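Single-structure report; data block below.
Just so you know, all these numbers are worked out from the coordinates, no wet-lab data involved. Treat the numbers as computed from the prediction; the structure is a model and nothing was measured. Note that each Cβ is placed from the backbone with ideal geometry, even for glycine, and that neighbours are counted across all protein chains shown.
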Amino acid sequence: MVAVTDGNGTSSVTVDTAASLPGRGAWLHPDQQCAQMAVRRRAFVRALRLTGSPDTSAVIEYVEKFAEPLDGPGSRQQNR
């Protein structure tokens, strides 16, 4: 994760899978609970040394790709 600032001073947190974007970076498990907890605890603000509340929607969208569907393979629900 890397903070990207636009010309107006607004920050957003983006996923940098190639680790090629400049600036301070942070790591996050690709898990929805970890992402939600990081947002709630303002972990990106601390880790990336930001001021204000950055837009974290790109991070949430990225980790949602890794979520298993409730009725999909590996689901804990048993079909009867």
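I need every pair where a residue in region 21-35 that is of a type in the set (S, T, N, Q) has its Cβ under 6 Å from the Cβ of a residue that is surrounded by 13 or more Cβ atoms within 10 Å (Cβ to Cβ), sequence separation at least 6 or different chains.
Note: pairs meeting the criteria are Q32/V63.
Filter region 30-45 down to residues that are among the charged types (D, E, K, R) and farther than 18 Å from F66 by Cβ and give me whichever is surrounded by the fewest Cβ atoms within 10 Å (Cβ to Cβ). First the steps, then the outcome.
Step one: of region 30-45, the residues among the charged types (D, E, K, R) are 31, 40-42.
This time we only want the ones that are farther than 18 Å from F66 by Cβ, so: 40-42.
Details: R40: 8, R41: 10, R42: 12.
For region 30-45, the residue satisfying everything is R40.
Go through region 1-21 and report how many residues are polar (S, T, N, Q), in contact with a strand residue (DSSP E or B) (Cβ under 9 Å, 6 or more places away or on another chain) and not in a strand (DSSP E or B).
Applying the first criterion (polar (S, T, N, Q)) to region 1-21 yields 5, 8, 10-12, 14, 17, 20.
Now narrow it down to the ones that are in contact with a strand residue (DSSP E or B) (Cβ under 9 Å, 6 or more places away or on another chain): 5, 10-12, 14.
Those left that are additionally not in a strand (DSSP E or B): 10.
Number satisfying all stated conditions: 1.
Please go through region 6-29 and give me each residue that is surrounded by fewer than 14 Cβ atoms within 10 Å (Cβ to Cβ), closer than 16 Å to K65 by Cβ and of a type outside the set (S, T, N, Q), ordered by number.
If the condition is that a residue be surrounded by fewer than 14 Cβ atoms within 10 Å (Cβ to Cβ), closer than 16 Å to K65 by Cβ and of a type outside the set (S, T, N, Q), then H29 is the only one that fits.
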